[in-house]
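Novice: Got a structure for you, written out below as structure tokens; questions coming shortly.
Please treat every number below as a calculation from the coordinates, not as lab data. Everything quoted here is computed from the prediction, not taken from an experiment. Every residue, glycine as well, gets a Cβ built from its backbone with ideal geometry; the counts of neighbours run over all protein chains shown.
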């Protein structure tokens, strides 16, 4: 079952969302993707971050403790520049062998500076 993490921050603010797998599970060699969009089920994400097996923090997701499933998703100020304030849906997924498994999801409330 996905972990729900709701958060809020300001437009053009650097933030990090920590995802902790419950129950703890090793994420070694996993491919993980974060996407933020206007609503769940959207096929046009506004922000996408990823972590590929063997590559550490290349595109905004960094493993913290891979043996128990903890990783950070970093959203930089440039990612939210130009977005209007409001509520957005996001999810992180494991993308391996043609399958998608939702690991966490939630809402991001984006406010003015």
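Novice: Would you pick out the residues in the range 30-46 that are within 14 Å of residue 101 (Cβ to Cβ), buried (at least 18 other Cβ atoms within 10 Å of the Cβ) and either touching a residue at least 60 places away in the same chain (Cβ under 8 Å) or touching a helix residue (DSSP H, G or I) at 6+ places or on another chain (Cβ under 8 Å) (or both)?
Specialist: Hits for the range 30-46 are 30, 32, 33.
Novice: Look through 27, 5 and report the one residue that is more than 15 Å from residue 94 (Cα to Cα) and crowded, with 17+ Cβ neighbours inside 10 Å. Break it down stepwise before answering.
Specialist: Values: 27 fails: more than 15 Å from residue 94 (Cα to Cα).
The match here is 5.
Novice: Quick one: count up the residues across the range 9-46 that are closer than 22 Å to residue 82 by Cα, within 15 Å of the chain's Cα centre (by Cα) and not in a loop (DSSP other than H, G, I, E, B).
Specialist: Counting residues in the range 9-46 that are closer than 22 Å to residue 82 by Cα, within 15 Å of the chain's Cα centre (by Cα) and not in a loop (DSSP other than H, G, I, E, B) gives 8.
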